[in-house]
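Everything below concerns the one structure shown next.
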Amino acid sequence: MSMTRSEQAWQAAQAVLPGGVDSPVRAYRAVGGTPPFIARGAGAHIIDVDGNDYVDYVCSWGPLIAGHAHPSVVARLRVAIEDGTSYGAPTEAETELAKLVVEMVPSIDLVRFVNSGTEATMSAIRLARGATGRNRIVKFTGCYHGHADSLLVSAGSGVLTLGIPGSPGVTSATASETVSLPYNSLESVRSAFESIGEEIAAVIVEPVAGNMGVIPPAEGFLHGLREITQQYGTLLIFDEVITGFRVAPGGAQELYGVTPDLTCLGKIIGGGLPVGAFGGRRNLMERLAPLGPVYQAGTLAGNPLAMQAGLATLELLRDDTAYETLDARGAQLQSGMEAAASAAGLPLTVNRVGSMLTGFFVDEPVTDYASATAADTERYARYHSEMRQRGVYLAPSQFESAFVSLAHTDADLDKTAAAANEAMRAIADD
């Protein structure tokens with residue numbers, strides 16, 4: 001039997017890229033099979049090199065909140081690219097996008113653009129250490145903050161998907177400066193601070209966990225973190241790389257009414273192009289070079305193409321109906337999944353915050369790393385395969401989020417619900 005074009009492309013990729021990919025989860029090891037190689041995207045759909053059309057709920061892992069190749073984003077990029085791709089010098093677009101970020105995100109007085117979410121989190125950690133004169137940081141088990149050494153301890157996303165406990169290359173000295181605690185457990189946070197609170201520079205948290213699947217904060221959890229960190233003079237960092245502009249115009253901090261000291265952003269602010277940012281109070285951000293002693297730099301930071309794509313995307317999100325639409329479509333997707341599982345007699349717990357959600361194949365609430373990892377990953381792998389066969393593209397891991405965009409239509413969601421019904425029945429019949 002002849003190979004498909006995706007299978008041919010997969011063979012070629014494995015000869016020159018480690019594991020055939022540039023980011024581990026894309027290798028499909030958690031769900032099996034050959035990853036489809038994508039040729040193009042349009043609206044809520046992606047089309048692979050074999051011509052297969054999928055309703056896309058990965059959305060480039062979150063950035064494409066307006067959908068693929070949105071006309072406003074494409075139009076800005078067409079104009080921008082005619083003027084050049086990078087200058088290594090300031091542009092007015094940087095200032096325009098910064099103004100929008102400062103206006104929309106409650107915690108940010110000043111913002112610095114970087115090239116990825118990893119750069120944003122590692123830079124925020126460095127700034128926190130420089131500002132406090134302390135070395136230790138607290139993170140939460142199953143939360144992923146990029147692949148900087150100190151943040152790979154008990155991480156989520158691909159680290160969790162592949163069952164990697166940390167990473168060789170991270171020194172024991174670096175790991176010893178990171179304290180990992182159970183997500184949603186204020187008791188463990190209080191205990192840690194009672195023991196070493198004066199040594200902790202920062203607590204970094206996904207205000208809505210998105211890298212062990214979607215897990216909302218327990219009632220009072222974020223407010224409790226704010227109170228404890230203020231008590232000990234520790235900085236609170238919200239990693240809103242996923243939730244920033246996704247769950248509300250001002251991110252999770254607006255949704256839950258908690259203002260951190262520093263915020264990390266990414267994904268949506270680049271409209272699908274590589275970008276990241278971190279920002280916070282003026283007196284903290286002014287410690288960065290060239291104003292202060294904490295050094296951070298990036299040759300491609302503030303890339304003019306990414307700035308224009310981000311401007312187009314954030315302007316779309318300022319529409320009064322944008323988040324109502326996203327929430328309604330997220331609820332419709334959740335309802336279809338739950339109804340399909342119920343009809344097939346399969347256990348399913350769906351966690352959703354706005355337009356991001358995860359269906360866990362487990363019959364108990366999912367509130368932290370332990371309950372997330374109790375989900376049936378083999379059943380998810382089967383579900384993923386069945387849905388892909390029916391033209392629905394989901395994240396190739398139980399421990400990731402599905403994303404709904406403004407481009408998803410009722411027809412897309414109806415097709416997804418019908419596919420879920422067939423997929424769940426096929427699983428239950430085995």
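Can you run down the residue pairs with Cβ atoms below 7 Å, 6 or more apart or on separate chains, where the first is in segment 395-416 and closer than 15 Å to A66 by Cα and the partner is among the hydroxyl-bearing types (S, T, Y) and open to solvent by 10 Å² or more (accessible area, probe 1.4 Å)?
Pairs that qualify, where the first residue is closer than 15 Å to A66 by Cα and the partner is among the hydroxyl-bearing types (S, T, Y) and open to solvent by 10 Å² or more (accessible area, probe 1.4 Å), are L406/T325.
Scan segment 204-258 for residues that are open to solvent by less than 10 Å² (accessible area, probe 1.4 Å), over 19 Å from I268 (Cα atoms) and in a loop (DSSP other than H, G, I, E, B) and jot them down.
M212, T234, V258
Mind telling me which of the residues A370, A402 ends up being under 30 Å from S185 (Cβ atoms) and touching a strand residue (DSSP E or B) at 6+ places or on another chain (Cβ under 8 Å)? I'd like the intermediate steps shown before the answer.
Details: A370 fails: touching a strand residue (DSSP E or B) at 6+ places or on another chain (Cβ under 8 Å).
Just a single option satisfies the conditions, and that option is A402.
Just to be sure, is Q308 open to solvent by 20 Å² or more (accessible area, probe 1.4 Å), touching a residue at least 60 places away in the same chain (Cβ under 8 Å), in contact with a helix residue (DSSP H, G or I) (Cβ under 7 Å, 6 or more places away or on another chain) and more than 30 Å from L288 (Cβ to Cβ)? Talk me through it step by step, then tell me what you get.
Details: open to solvent by 20 Å² or more (accessible area, probe 1.4 Å): yes; touching a residue at least 60 places away in the same chain (Cβ under 8 Å): yes; in contact with a helix residue (DSSP H, G or I) (Cβ under 7 Å, 6 or more places away or on another chain): yes; more than 30 Å from L288 (Cβ to Cβ): no.
Criteria not met by Q308.
Is it true that some residue in segment 346-366 is among the aromatic types (F, W, Y) and within 17 Å of H408 (Cα to Cα)? If you could, list the steps in order and put the result at the bottom.
Here is the first cut: in segment 346-366, the residues among the aromatic types (F, W, Y) are 360-361.
Remaining after also requiring within 17 Å of H408 (Cα to Cα): none.
No.
Looking at A331, A370, A343, which one is without any contact (Cβ under 8 Å) to a residue 24 or more places away in the chain and open to solvent by 20 Å² or more (accessible area, probe 1.4 Å)? Explain how you work it out, then say what you get.
Details: A370 fails: without any contact (Cβ under 8 Å) to a residue 24 or more places away in the chain; A343 fails: without any contact (Cβ under 8 Å) to a residue 24 or more places away in the chain.
Step by step, each of A331, A370, A343 is checked, and only A331 is without any contact (Cβ under 8 Å) to a residue 24 or more places away in the chain and open to solvent by 20 Å² or more (accessible area, probe 1.4 Å).
Wholly within segment 47-140, which helices (runs of 4 or more DSSP H) include no fewer than the required count, namely at least 1 residues that are open to solvent by 20 Å² or more (accessible area, probe 1.4 Å) and under 28 Å from V189 (Cβ atoms)? So that I can check it myself, show each step before the final result.
Values: elements: 71-81, 92-104, 117-132.
Per the criteria, 117-132.
Could you grab me the full set of residues in segment 262-282 that are among the charged types (D, E, K, R) and either open to solvent by less than 10 Å² (accessible area, probe 1.4 Å) or under 24 Å from T85 (Cα atoms) (or both)? Talk me through it step by step, then tell me what you get.
Quick first cut of segment 262-282, residues among the charged types (D, E, K, R) only: 267, 281-282.
The answer is K267, and nothing else.
The values are calculated or read from the model by the stated rules, or taken from the named source; none is laboratory data. Just so it is clear, the model here is predicted, and its values are computed rather than measured. We place every Cβ from the backbone using ideal geometry, glycine too, and count neighbours over all the protein chains shown. Quick note on the areas: whole protein, heavy atoms, side chains included, nothing else; ligands and nucleic acids left out. Shrake-Rupley method; radii C 1.70, N 1.55, O 1.52, S 1.80 Å.
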